[in-house]
Amino acid sequence: MSPEMERFKQTLRSHAQRKSNAVAVWGDQLKLDYATLYAEVMYRQQRLRDENVKVVALALDNGVEAMLWDLAALFEGLTCLTLPPFFSPAQRKHCLKQSQSALVIAEPALETELKMAGYEKTGEFWRRIFSGPSRMPEGTAKLTFTSGTTGTPKGVCLSAESILRVARELDQASKPTDPQHHLALLPLAILLENIGCYAALYAGATLSLPSQKALGIQGASGVDVPRLLGCLITRAPESLILVPQLLLLLVSAAEQKAFNPHALRFAAVGGARVSEELLHRAQRIGLPVYEGYGLSECASVVCLNRPEARRPGSVGRPLPHVDIRLADDGEVLIKGSTLLGYLGEAPHTDEWWPSGDLGEFDPEGFLYLKGRKKHQFVTSYGRNVNPEWVEAELTQRHHIAQAFVYGEAMPSNHALLWPHRPDCTDEELAAAVAHANEALPDYAQVHHWTRLDQPFTPVNGLLTANGRPRRDAIVERYRAQLTEADFSEESAS
């Protein structure tokens, strides 16, 4: 057992003895105290040992059972694959096959899907025999699949040492605000949330695990706002992990007096670029938001703003477990807690991980991201523009739900826009673009825009399963609109 694993297990054992009656996990109905949590994890660990498998897949909604099985697999030294609920059946089948998951614990609704993938039900487990050598690096505790820019997910293999070190650092980072109740908004299959839950258990806090259905969250991006706000009001968590669109939702609700931001002590936001304007809106209403930065290949979080070290617009300083430097072209290079390798590929042996992100440090060591290296385009005036920066400014204000910006070898930049509401007028969209342009230098501003007749979705092939735009596909589909000389829409300037 690795030192970090032993430390985490000892911490939970200590909580079981000293905080035996404190609520540890809280599902839709079920609550377990720390003593019961520890006993249940040990019981499930023995059950997994009896099954004699090496890879366990969890296809469960957020809840007490999902956390118990996750911890049991971790402590038993197995590889745990948690399948995202927003993956398609074909993607889930691919993940199970590539990982050679011999045992699956799943929701009843997946029965037909698992049978078609060759699994047989044995008690509460689904079993399948795989032949051939394992494609997993030795010591893989967590296998997380990222959909990336193609429909076929790629498996990132991480050690227990790496993920638990990050969890411990997250616990330390939030210590000054001492949150005693964390609510998991994101699916546990999202590595950031999974590690955030470990951090809450490290702290001996209450970990709320309402199902995605109870939260009103459907798929990768659907949200029933009244249901979500109702759950937050009922549970009154003190810490959350947010993606930018959920932050925008909470900020808008708080501005309309539909959500009390002062109950929160620590809200980490990451997963995509956050506009500085949205961070300032959050600050004005008293929402304690701390932007961070991480990637699956480095076991999630590597930088984070903290209560005693905060710079809006930056992703914070590096956490103590990593070193970060910049390559000559500005690419962020990371050392520490890097992946063991990709599933089916040679083990990763390089000391530094090239993130693919562009960044710069200020004199006090805060990192500012400038977007993805591969997404950067160069205008006909020779200016480098990262479209994600501009898109964040557009979508994290009012009216614009989706934006795609393009300007490769062009004298002016063009945006494709999808509004939040069908009754949004072109005048309102134009005002939103003009507002965003105020925060951008001239070369990055949106000079022309086109209103889309349909949103980007995984179904039409213009969005990945986890909500990222498929850039090449969008450019191919809308090339005429993006590059035509005489734009049909009003100029945004």
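Residue-by-condition table, conditions (1) buried (at least 23 other Cβ atoms within 10 Å of the Cβ); (2) more than 17 Å from Ala299 (Cα to Cα); (3) not basic (Lys, Arg):
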position	(1), (2), (3)
Ala167	yes, no, yes
Lys175	no, yes, no
Ala199	yes, no, yes
Leu240	yes, yes, yes
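If we only count strands (runs of 3 or more DSSP E) wholly inside the stretch 84-177, which ones have 2 or more residues that are in contact (Cβ under 8 Å) with a residue 12 or more places away in the chain and in the same structural domain as Leu304 (by TED's automatic domain parsing)?
Numbers: elements: 103-106, 120-122, 125-127, 142-146, 154-158.
Output list reads 103-106, 125-127, 142-146, 154-158.
Which one is surrounded by the fewest Cβ atoms within 10 Å (Cβ to Cβ) among residues in the stretch 124-142 that are out of contact with any Gly (no Cβ under 6 Å at 6 or more places or on another chain) and under 26 Å from Glu193 (Cβ atoms)? Give the steps one after another, and end with the answer.
In the first step, residues of the stretch 124-142 are kept if they are out of contact with any Gly (no Cβ under 6 Å at 6 or more places or on another chain); the result is 124-127, 129-134, 136, 138-142.
In the following step, the residues that additionally are under 26 Å from Glu193 (Cβ atoms) were identified as 124-126, 136, 139-142.
Details: Glu124: 9, Phe125: 18, Trp126: 24, Met136: 21, Gly139: 16, Thr140: 25, Ala141: 23, Lys142: 27.
If we take residues in the stretch 124-142 being out of contact with any Gly (no Cβ under 6 Å at 6 or more places or on another chain) and under 26 Å from Glu193 (Cβ atoms), then Glu124 is surrounded by the fewest Cβ atoms within 10 Å (Cβ to Cβ).
Go through the stretch 207-236 and give me each residue that's modelled with pLDDT of 95 or more, in contact with a strand residue (DSSP E or B) (Cβ under 8 Å, 6 or more places away or on another chain), within 17 Å of Ile190 (Cβ to Cβ) and not aliphatic (A, V, I, L, M).
Within the stretch 207-236, Ser208, Pro210 meet the criteria.
Considering every residue within the stretch 417-433, establish whether at least one is under 22 Å from Glu476 (Cβ atoms) and of a type in the set (A, V, I, L, M, F, W, C).
At the first step, the residues of the stretch 417-433 found to be under 22 Å from Glu476 (Cβ atoms) are 417-418.
When the remaining residues are screened for being of a type in the set (A, V, I, L, M, F, W, C), the result is 417-418.
Among the residues of the stretch 417-433, at least one is under 22 Å from Glu476 (Cβ atoms) and of a type in the set (A, V, I, L, M, F, W, C), which makes the answer yes.
Would you mind finding the one in Leu207, Leu250 that is buried (at least 22 other Cβ atoms within 10 Å of the Cβ), assigned to a helix (DSSP H, G or I) and touching a residue at least 24 places away in the same chain (Cβ under 8 Å)? It would help to see each step written out before you state the result.
Working: Leu207 fails: assigned to a helix (DSSP H, G or I).
Among Leu207, Leu250, only Leu250 is buried (at least 22 other Cβ atoms within 10 Å of the Cβ), assigned to a helix (DSSP H, G or I) and touching a residue at least 24 places away in the same chain (Cβ under 8 Å).
State whether the residues of the stretch 426-448 include one that is assigned to a loop (DSSP other than H, G, I, E, B) and buried (at least 21 other Cβ atoms within 10 Å of the Cβ). Steps first, answer last, please.
Initially, the stretch 426-448 is screened for residues assigned to a loop (DSSP other than H, G, I, E, B), giving 438-441, 445.
Cutting the leftovers down to buried (at least 21 other Cβ atoms within 10 Å of the Cβ) gives us 445.
Taking every residue of the stretch 426-448 in turn, at least one turns out to be assigned to a loop (DSSP other than H, G, I, E, B) and buried (at least 21 other Cβ atoms within 10 Å of the Cβ).
Just the residues that are part of a strand (DSSP E or B) and of a type in the set (D, E, K, R), please, taken from the stretch 294-334. Show your work before the answer.
Just the residues of the stretch 294-334 that are part of a strand (DSSP E or B), to begin with: 294-295, 300-304, 306, 309, 317-318, 323-326, 331-334.
Across the stretch 294-334, the qualifying residues are Arg306, Arg317, Asp323, Arg325, Glu331.
For the list (1) assigned to a helix (DSSP H, G or I); (2) of a type outside the set (Lys, Arg); (3) farther than 30 Å from Ala90 by Cα; (4) modelled with pLDDT of 90 or more, I need the number of the one condition that Ala473 fails.
Looking at each condition in turn, Ala473 falls short on (3).
Restricting the search to the stretch 301-356, which residues are of a type in the set (Ser, Thr, Tyr), in contact (Cβ under 8 Å) with a residue 60 or more places away in the chain and in contact with a Phe, Trp or Tyr (Cβ under 8 Å, 6 or more places away or on another chain)?
Looking only at the stretch 301-356, we keep the residues that are of a type in the set (Ser, Thr, Tyr), and these are 314, 337-338, 342, 349, 355.
Cutting the leftovers down to in contact (Cβ under 8 Å) with a residue 60 or more places away in the chain gives us 337-338, 342, 355.
Listed by number, the list holds a single entry, Thr338.
Working only within the stretch 354-413, note down all residues that are in a strand (DSSP E or B), buried (at least 19 other Cβ atoms within 10 Å of the Cβ) and hydrophobic (A, V, I, L, M, F, W, C).
Answer for the stretch 354-413, where residues must be in a strand (DSSP E or B), buried (at least 19 other Cβ atoms within 10 Å of the Cβ) and hydrophobic (A, V, I, L, M, F, W, C): Leu358, Leu367, Leu369, Val385, Ile400, Ala403, Phe404, Val405.
The values are calculated or read from the model by the stated rules, or taken from the named source; none is laboratory data. Given the structure is predicted, the values throughout are model-derived calculations rather than measurements. Positions of Cβ are generated from backbone atoms using ideal geometry, with glycine treated the same way; all protein chains shown enter the neighbour counts.
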